[in-house]
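The values are calculated or read from the model by the stated rules, or taken from the named source; none is laboratory data. Since the structure is predicted, the reported quantities are computational estimates derived from the model, not experimental observations. Neighbour counts run over all protein chains shown; Cβ positions are idealised from the backbone, glycine included.
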Amino acid sequence: MPAFLTNLGGLIDGSSLQTFALWALREIPGFPPIIQTVHLLGIAVVMGTVVMLDLRILGLAVRSQKISEMIERLLPWTWIALVTNFISGGFFLFARPNRYFNNPIFGWKLSFLIPAILLTLFFHLLSKTQQDYWELNSQRLWAARGIALLSLGLWIMVAMAGRWIAYSEYIYFPAEALLNSLSLPWTA
């Protein structure tokens, strides 16, 4: 992991952010499953809106809608869901910063997430510069299709890396060491 991420994890460890996140996760009845559900619903909204838009741009879905109409209708939901995910994910990140900031898979997730968000923002901002920006000529439409393919790939990798974070302990530590640490009667 890059040193700045492990240093950031060290800064958060023991901070008031960690104290508050741990308090909320431990003391508010039902909070962990609620906040995780909010996070998963946010992921579903982001993936649903982005994939639907990308498939429309590629001509594989909702051909009856103009790209600009899809952007106008879907991307505000994407931004709301991303903010929701940053807040909900923040509880878990702040509660156990070293689990995430020392995890190479979390680094992979960030390395896909940041460009995915920036690419979506770039696409959205360009679409606001001119009515039907992406549909005005074939060069822009082909550029939009390239962006859509890249976007699909990045968002899929974000989702995959997000799921792998939970299982990274199994990837990076030998099963034997894990079993020995459990002190199970049949391992003695």
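Below, the figures for the structure above:
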| read-out | value |
| --- | --- |
| Restricting the range 120-171 to residues that are over 17 Å from the mean Cα position of the chain (by Cα) and basic (Lys, Arg), the residue that is farthest from Leu58 (Cα to Cα) | Lys128 |
| Index of the failed condition, Leu150 passing every other in (1) over 23 Å from Phe4 (Cα atoms); (2) touching a helix residue (DSSP H, G or I) at 6+ places or on another chain (Cβ under 7 Å); (3) modelled with pLDDT under 95 | (3) |
| The listed residue being modelled with pLDDT under 90 and under 22 Å from Arg163 (Cα atoms), out of Arg63, Arg99 | Arg99 |
| Subset of the range 81-119 (residues that are over 13 Å from the mean Cα position of the chain (by Cα) and of a type in the set (Val, Ile, Thr)) | none |
| Enumerated helices (runs of 4 or more DSSP H) restricted to the range 1-111, each holding at least 3 residues that are buried (at least 19 other Cβ atoms within 10 Å of the Cβ) | 31-57, 67-95, 97-101 |
